[in-house]
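S.K.: Dropping the structure in here first, questions after.
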Amino acid sequence: MTLFKICGLKDSQNALVARENGASFLGFVFVHGVRREVSLDFAIQIINEYRSESGSNGPALVGLFANQPIEEVNEIISKCELDYAQLCGDEDKFYWDEVDAEVIKQVKVDLGVKSKLINSDLDNIFGAGYLPLLDKYEKGTLGGTGKTFDWNAIEQFNLPGRFLLAGGLAPENVLQAIRISHPWAVDVSTGVETDGVKDAGKIFAFAAAVNSTKS
């Protein structure tokens with residue numbers, strides 16, 4: 001059974017749509033200067049609206065961060081009551097251990113470098129007891145790229161545990177991605193948007209594709 005995360009949420013209604021369709025994670029972007037960034041106050045408003053409709057149970061809440069002071073990250077985790085921090089920058093393993101939530105660490109897959117470099121990052125993440133998220137490398141970007149990489153390449157990393165897969169996933173290709181790479185969870189943002197805005201119909205279609213793997 002593959003889990004899924006709807007990321008880059010900026011309103012409570014699409015958070016509810018994601019929950020109602022079986023999402024295991026809801027993602028909110030706190031990375032400064034990116035298109036989907038939400039402020040702390042706005043995130044609290046969205047999450048409170050969501051919880052007033054859904055109750056306290058449901059998908060885990062994930063905050064995305066990149067190269068931000070640990071004090072800022074932990075303040076956001078506390079005030080938003082986040083379950084996970086997804087780290088998208090150059091944070092090292094000493095930083096990870098200071099985070100007041102479970103850690104998801106993005107690993108940017110650059111197939112132009114030797115796989116042993118990526119394996120070293122993955123070994124550190126698994127060794128620390130955290131979760132890697134595999135995404136496509138693109139120079140100069142923080143967070144997701146909205147582009148796919150060759151999922152067949154994942155086999156060479158010899159992953160010893162659970163991982164998340166991101167990068168260019170959409171309702172049309174997520175089932176193929178799951179069949180090839182066998183992730184614990186998949187992560188989508190751009191693939192469930194229309195003109196840069198979350199689209200409830202696409203969230204439904206993405207969820208249906210992922211949930212079809214549960215039978």
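S.K.: Considering only residues that are surrounded by fewer than 22 Cβ atoms within 10 Å (Cβ to Cβ) and either closer than 20 Å to Cys88 by Cα or at pLDDT 95 or above (or both), which ones fall in the stretch 190-202?
M.R.: Within the stretch 190-202, the first condition is being surrounded by fewer than 22 Cβ atoms within 10 Å (Cβ to Cβ), and the residues that meet it are 190, 193-197, 199-202.
Those that are surrounded by fewer than 22 Cβ atoms within 10 Å (Cβ to Cβ) and either closer than 20 Å to Cys88 by Cα or at pLDDT 95 or above (or both): Thr190, Glu193, Thr194, Asp195, Val197, Asp199, Ala200, Gly201, Lys202.
S.K.: Can you tell me how many residues within the stretch 23-43 are over 19 Å from the mean Cα position of the chain (by Cα) and either of a type outside the set (Asp, Glu) or part of a loop (DSSP other than H, G, I, E, B) (or both)? Steps first, please.
M.R.: If we filter the stretch 23-43 for residues that are over 19 Å from the mean Cα position of the chain (by Cα), which is where we start, we get 41-42.
If we keep only those that are either of a type outside the set (Asp, Glu) or part of a loop (DSSP other than H, G, I, E, B) (or both) as well, we get 42.
Selection size over the stretch 23-43: 1.
S.K.: Could you please find all residues in the stretch 47-72 being touching a residue at least 60 places away in the same chain (Cβ under 8 Å) and assigned to a strand (DSSP E or B)? Break it down stepwise before answering.
M.R.: Let us first name the residues in the stretch 47-72 that are touching a residue at least 60 places away in the same chain (Cβ under 8 Å), namely 64, 66-67.
Scanning the stretch 47-72 gives a single hit, Leu64.
S.K.: Does Gly140 count as at pLDDT 95 or above, of a type in the set (Gly, Ala, Ser) and out of contact with any Asp or Glu (no Cβ under 6 Å at 6 or more places or on another chain)? If you could, list the steps in order and put the result at the bottom.
M.R.: Details: at pLDDT 95 or above: no; of a type in the set (Gly, Ala, Ser): yes; out of contact with any Asp or Glu (no Cβ under 6 Å at 6 or more places or on another chain): yes.
Judged against the criteria, Gly140 is not a match.
S.K.: Any residue in the stretch 69-76 that is at pLDDT 95 or above and crowded, with 20+ Cβ neighbours inside 10 Å? Outline the logic, then answer.
M.R.: Our first condition is that a residue be at pLDDT 95 or above; within the stretch 69-76, this holds for 69-76.
This time we only want the ones that are crowded, with 20+ Cβ neighbours inside 10 Å, so: 73, 76.
Yes: one or more hits.
The values are calculated or read from the model by the stated rules, or taken from the named source; none is laboratory data. Only a predicted model underlies this, so the values are computations on that prediction, with no experimental measurement involved. Here Cβ is always computed from backbone atoms with ideal geometry, including for glycine, and neighbour counts include all displayed protein chains.
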